[in-house]
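Please see the structure below; I have some questions.
Nothing in this text is a laboratory measurement; each read-out follows from the coordinates by a stated rule. Just so we're clear, the structure is a prediction, and the values are computed from it rather than from any experiment. In this analysis, Cβ positions are derived from the backbone assuming ideal geometry, glycine residues included, and neighbour counts consider all displayed protein chains.
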């Protein structure tokens, strides 16, 4: 009979990016789309602090292995979605994590998205130059 390990799921979103984070008890591995996070975010080591901030806030950096699937959006949007997903998964680990995560702003979804293009304009707000004559 297979041993069923406990797992916590959190879903995070930012702009067009959607991330699902699975927290499993472990040593602190961080895997994104079946790759090491360094390989996934090549050359963007500053995003590590940004994504792992909820773990640092709850003092659980090396308590969980984190497996993430992320899709859509750009690099920064995906990092924001991962951060949101990890924070939501930590809520399921323990309800005592909520005040610290809420105070730091990790549970709030960033609702900003690109504005749609309107007809008659070149972009969302950019119009061709007006000339009186």
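On full extension of the chain, what length is gained from residue 35 through residue 131, given 0.36 nm per residue of separation minus the C-alpha to C-alpha distance?
Working: separation 96, 0.36 × 96 = 34.56 nm, distance 5.43 nm.
The span from residue 35 to residue 131 would gain 29.1 nm if fully extended.
So if each residue of separation counts as 0.36 nm, and I subtract the Cα-Cα distance between residue 61 and residue 75, what length gain in nm does that give?
On the way: separation 14, 0.36 × 14 = 5.04 nm, distance 2.24 nm.
My answer for the length gained is 2.8 nm.
Over all Cα pairs of the chain, how is the pair count split among 5 Å bins, expressed in % and running from 0 up to the last occupied bin?
2, 10, 18, 20, 15, 10, 6, 5, 4, 3, 2, 2, 1, 0, 0, 0, 0
Return a whole-number percent for the relative contact order of the chain, with Cα pairs under 8 Å and 6 or more residues apart as the contact set. Walk me through the numbers on the way to the answer.
Numbers: 231 pairs, mean separation 42.2, N = 133.
Worked out over the chain, it gives 32 percent.
For 23, 55, what's the fewest-to-most ordering of other Cβ within 10 Å of each Cβ? Could the numbers behind the result be given before it?
Working: 23 24, 55 21.
Lowest to highest Cβ neighbour count: 55, 23.
Expressed as a whole percent, how much of the Cα-Cα distance distribution for segment 1-59 exceeds 17 Å?
Values: 858 of 1711 pairs.
For segment 1-59, the share of Cα pairs beyond 17 Å comes to 50 percent.
While we're looking at this one, here's another question. Please report the antiparallel percentage of the DSSP beta bridges confined to the chain, to the nearest 5.
On the way: 17 of 20 bridges.
Roughly 85 percent of the beta bridges in the chain run antiparallel, per DSSP.
Which distance in Å, rounded to a whole number, links the C-alpha centroids of segment 33-85 and segment 7-21?
About 11 Å separates the Cα centre of segment 33-85 from the one of segment 7-21.
Given the DSSP H assignment, sum -39500 (n - 2.57) over each helix run of at least 4 residues in the chain and divide by its residue total; what's the result at 222 nm in deg cm²/dmol, nearest 500? Before the final figure, lay out the partial values.
Numbers: 5 runs with 40 residues, N = 133.
When only DSSP H runs of four or more count, the value is -8000 deg cm²/dmol.
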